Amino acid sequence: MERHAAVPLWRDVRVLTIVSQIVFVLILAIAAGFFYSNLSSAMRQRGLVTGFDFLERESAFEIGEALIPYKPSDTYARAFAVGVLNTLLISAVGIVLATILGVLTGVARLSGNWLVNRLAAAYIEIIRNTPLLVQLVFIYFGVFVKLPPVRESLEFPGSIFASQRGVVMPRPLPTETFGGWLAFIALALVAAVVVWVVLPRQPRFRYSNAPMLIGLGVLALVPLAGWFAVGQSPLDIELPVRERFNFVGGIALSPEFSALLTGLVIYTAAFIAEVVRGGIQAVKRGQIEAARAVGLTETQILQLVIFPQAMRIIVPPLTSQYLNLAKNSSLAIAIGYPDLFNVGATIANQTGQPVPVIMLVMVTYLAMSLFTSLLMNIYNARVQILEK
Amino acid sequence: MTASADTLGPPRTSVGVLGWLKKNLFSTWYNTLLTFVTLWFLWVVGSGLISWSLTSARWDVIAANWRLFMVGPFPPDQVWRVWVVVLFVSALFGVSGGVWGGTVRTFTMSLAGGYATLAVIALFVFPVSENLVWLLANLVIVLAAYFLARGRKGLQLWLVGAWLLGFILTILLLQGFVGSTWLPEVSTTQWGGLLLTFMLAIVSIVVSFPLGVLLALGRRSKMPAVKVFSILYIELVRGVPLVTILYMTQIMLPLFLPGELRIDNVLRAIAGMTMFTAAYMAENVRGGLQAIPTGQIEAAQALGLNNALVTLFIVLPQALRMVIPAIVGLFIALFKDTTLATIVALLELLGVARSVLAQPEYLGLQTEVYIFVAAVFFLFSYAMSFASYRLEEALGVGKR
């Protein structure tokens, strides 16, 4: 048999692949070089410098609220850390509350009660079809700023007050017996985990609710017994007291924090509700009918059939909603909450070094996003194994 | 077999209004409780809202600043250009409704209904103004175009061209020409209000479409250099908030470009939004690409098509058709995200709202103004998401 004529070089796929990649990289390099030379000449002209030396200088600006002690004589690096912590705080609290509200709304959306169902649908549609920024400025300038002054502040059940100065609520304060009570809690946790892990392996309990209920019982009763066992009450409740100009004691939330938190929670919960609804509806009808046919109770069906399968569908979109919440917290700049982006913009203005500051801010957000995705991917992998 | 005359009907409590009420509102004791709690909640919120909006709310702030809300600082004597653009879009919608029918027709008719409603409102708010004339002209042209084009399927391809041409003409007409007497230049810094909101969203989505398709193809490419670049770009952009990108293009774009090349605020914001949207567009398109069965590609290869031809004629047409609803969703998100341009000091709808509220005579009217802005966004977003839902059904996405 005669040999095939050699493919000419310009039609050889392997050669073409390599050549086109070289061309692609060259174009990228030329573009990058062009931008870089423009950037460096522009920065020279305007007296901008690269590098992060400015982080060590004194910041000389106030930040309204901080989780770590901060004063204007501290460095820019510390101011930046305050911003990062504020973003983490609002994201963490926001994610927890948005999940609770979102799951409730998602279940309400599936309710057999027509009125509840329609109300949930209206909430979801209105929130999802208006911009978050408009909601935030509405909640801040239209609601929180217009609250009455401290003297006439609104009072809610449980000693919660709302006024122009924000929201104050009671704070639990540990007393000296708190350490002893903490030991009881730790004991309860260990015992509950043991119950949850060991009992379901017994053939008797394999398909029963009992292990979960026993575990919950242990978790509730042991700390309760401990509360009385340690003698003196381990926690004091510090109630906020109204003074002439402001409240003393209790947990005080600034109007900016409250407005941002309210806005983010209401907005994200509407999206989470749709995720939850989609996940539950995606469980095939036949699965539920089959479960009923083999004699499972409704609770068991929810727990053993619907929930594990719905979770598999819910987790990936839920992750992206959590990430959206964290990224959306950057809108704080519109209402003056000192989050990462807001503090970053202030630093960029004050130092006149926007380039490194923007880079730093973006890298921080990126790190937060990647870290959250990593955690949720691990969790997602576990949920997937659980199902099969 | 016929039912005997004395067959009992179903119990009165299981059919009709009573049956519906029992089944949907009072089926169990906790459902009854839930119904009453919800009714009480609706009563408290609803009655408060209605009495406020009819008695103490000052809606005159909207009427007094209507032009600002719609076009912002666009020169008042040039506003006719915006109206001409709207007329053109109305005509295109009319023709589209006539040619395609179905959902598009529903849309055309809602548009006509919208013009009629606005005209009635305008009759009360601004009795003598050219707005009324323009609105009526729009109403006439939508209906005329619809009835002229009804059933002419042959126009379909022309229509797609007309929409694309309309996009370019719109920008030329709004922008005008330097030194021209009857079409003087209106630089993009003078665009504002709802007009700017729409222009930001439309220009960004149109420009980001080809970029997104390229990035999606790049991400699935077998060439490592291209693949790595695409993945890096997409993941980096998706990992940071839009505000930071807008801020970056606002401050750093001028530094990246040669000194002679000056681009204004609006173009910088569009550049930022395009960069951002391209990454999300790429992920949507990738979803469509992944849904193409391998058999399609293998069949095309068996027929002797090379890689480029397979992508261009077999994969992309099917994939893009499948992601149309997702792209509409992306457009809605982008439309809402244009409000972020306020943070970099652009006067789009929310920016105009804030500048109106800064005027001393409208101090303290945040509730009214922001409810109006939210209502405008809701109207357009809800209409678009409804369209996307109908489109999904019409295209049978996920059903074949």
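Every number here is computed from the coordinates shown, using simple stated rules; none is lab data. This structure is a prediction, so every number in the text was calculated from the model and none was measured. Methodologically, a virtual Cβ is constructed for each residue, glycine included, from the backbone with ideal geometry; neighbour enumeration extends over all protein chains shown.
For a quick check: with amide H placed at 1.01 Å from N, whose amide H comes under 5 Å from B:GLY176's, ignoring anything fewer than 5 positions away on the same chain?
B:VAL186
If you project the alpha carbons of the stretch B:76-185 onto their three principal axes, what span does each projection cover, largest first, in Å?
Result, largest extent first: 42, 37, 18 Å.
Read phi for every residue in the stretch B:279-289 and hand back ³J(HN,Hα) as whole Hz from Karplus 6.51 cos²θ - 1.76 cosθ + 1.60, θ = phi - 60°, with x for Gly and Pro.
So the J values, rounded to whole Hz, are 5, 6, 4, 4, 5, 5, 5, 4, x, x, 4.
Quick query: amide H of A:GLU238 versus all other amide H atoms, modeled in the peptide plane; which residues come in under 5 Å with a sequence gap of 5 or more or a different chain?
Excluding prolines and chain starts, which carry no amide H, the hits are A:ARG171, A:LEU173.
For the stretch B:357-370, take each phi angle, set θ = phi - 60°, evaluate the Karplus expression 6.51 cos²θ - 1.76 cosθ + 1.60, and give the result in whole Hz per residue in order, putting x for glycine and proline.
Ordered by residue, 3J(HN,Hα) equals 5, 7, 6, x, 6, 10, 4, x, 9, 3, 4, 4, 5, 6 Hz.
When A:TYR267, A:TYR70 are ordered from fewest to most other Cβ atoms inside 10 Å of their Cβ, what list results?
Working: A:TYR267 25, A:TYR70 18.
With the sparsest Cβ surroundings first, the list reads A:TYR70, A:TYR267.
Evaluate the distance, in nm, between pseudo-label points positioned 7 Å from the Cα of A:LEU374 and of B:LEU379 along their respective Cα→Cβ axes.
Here the answer is 4.9 nm between the modelled labels.
When a/c reaches 1.5 or more, the comparison of a/b and b/c decides; with that in mind, is the stretch A:68-218 rounded, prolate or oblate per its Cα gyration tensor?
Details: a/c = 2.03, a/b = 1.28, b/c = 1.58.
Judged from the Cα gyration tensor, the stretch A:68-218 comes out oblate (a/c at least 1.5, b/c at or above a/b).
Partner chain Cβ atoms within 10 Å, averaged over the residues of A:360-370 - can you pull that number for me? Numbers along the way, then the final one.
Details: counts 0, 6, 9, 3, 2, 5, 7, 1, 2, 6, 2.
Mean shielding count: 4.
Just check chain B against the gyration tensor rule for me: Cα atoms, a ≥ b ≥ c as the square roots of the eigenvalues, rounded for a/c under 1.5, and otherwise prolate or oblate depending on whether a/b exceeds b/c. Show your work: numbers first, answer last.
On the way: a/c = 1.56, a/b = 1.11, b/c = 1.41.
The shape class here is oblate.
How many percent of the alpha carbon pairs in chain A exceed a separation of 31 Å? Show your work: numbers first, answer last.
Values: 44920 of 75078 pairs.
That tail contains 60 percent of the Cα-Cα pairs.
Could you tell me the convex hull volume per residue, in Å³, taken over the Cα atoms of the stretch A:65-153? Write down the numbers at each step before the final one.
Values: hull volume 14.1 nm³, N = 89.
Enclosed volume per residue, from the Cα hull, is 158 Å³.
Projected onto the charge dipole of the protein assembly as shown (+1 at Lys/Arg Cβ, -1 at Asp/Glu Cβ, origin at the Cα centre), which of B:ILE324, A:ALA60, A:LEU154 gives the Cα projection farthest towards the positive end?
Highest projection toward the positive end goes to B:ILE324.
For q values of 0.11, 0.21, 0.23 Å⁻¹, compute log₁₀ I(q)/I(0) with the Debye formula on a Cα-only model of the stretch B:262-371, without solvent.
Results for the stretch B:262-371 at q = 0.11, 0.21, 0.23 Å⁻¹ read -0.57, -1.06, -1.15.
With θ set to phi - 60° and the Karplus curve 6.51 cos²θ - 1.76 cosθ + 1.60, what are the ³J(HN,Hα) couplings of the stretch B:239-246 in order, to the nearest whole Hz, using x for Gly and Pro?
x, 10, x, 4, 4, 5, 5, 4
Count charges around A:LEU89 for me, please; just the other residues with Cβ under 11 Å from its Cβ, Lys/Arg as +1, Asp/Glu as -1. Numbers along the way, then the final one.
Numbers: positive: none; negative: A:GLU65, A:ASP339.
My count for the surroundings of A:LEU89 gives -2.
In straight Cα distance, which aspartates and glutamates are under 18 Å from B:LYS227, not counting same-chain residues fewer than 8 positions off?
By straight Cα distance, B:LYS227 reaches B:GLU235, B:GLU283.
Only helical DSSP H runs with n ≥ 4 go in: add -39500 (n - 2.57) per run for chain B, normalise by residue count and round the 222 nm mean residue ellipticity to 500 deg cm²/dmol.
Details: 16 runs with 283 residues, N = 400.
It lands at -24000 deg cm²/dmol.
Only helical DSSP H runs with n ≥ 4 go in: add -39500 (n - 2.57) per run for chain A, normalise by residue count and round the 222 nm mean residue ellipticity to 500 deg cm²/dmol. Spell out each step's value before the answer.
On the way: 11 runs with 233 residues, N = 388.
Computed ellipticity for chain A at 222 nm equals -21000 deg cm²/dmol.
Using the count of nearby Cβ atoms within 10 Å as a rough guide to exposure, how do A:TRP114, B:TRP29, B:TRP52 rank from fewest to most? Don't skip to the answer; put the middle values down first.
Details: A:TRP114 16, B:TRP29 8, B:TRP52 12.
Listed from fewest to most nearby Cβ atoms, that is B:TRP29, B:TRP52, A:TRP114.
List the residues whose amide H sits under 5 Å from the amide H of B:ALA57, counting only those 5 or more places along or on another chain, with H placed 1.01 Å from N in the peptide plane.
The answer is none.
Sorted from largest to smallest, which semi-axis lengths in Å does the alpha carbon gyration tensor of the protein assembly as shown give for its equivalent ellipsoid, taking the root of 5 times each eigenvalue? Could the numbers behind the result be given before it?
Details: eigenvalues 397, 279, 258 Å².
With the √(5λ) rule applied to the protein assembly as shown, the semi-axes are 45, 37, 36 Å.
Based on a Kirkwood Rh over C-alpha pairs, give the Stokes-Einstein translational diffusion coefficient of the stretch B:189-400 at 20 °C and viscosity 1.002 mPa s in µm²/s.
Details: Rh = 19.2 Å.
In µm²/s, the coefficient is 111.
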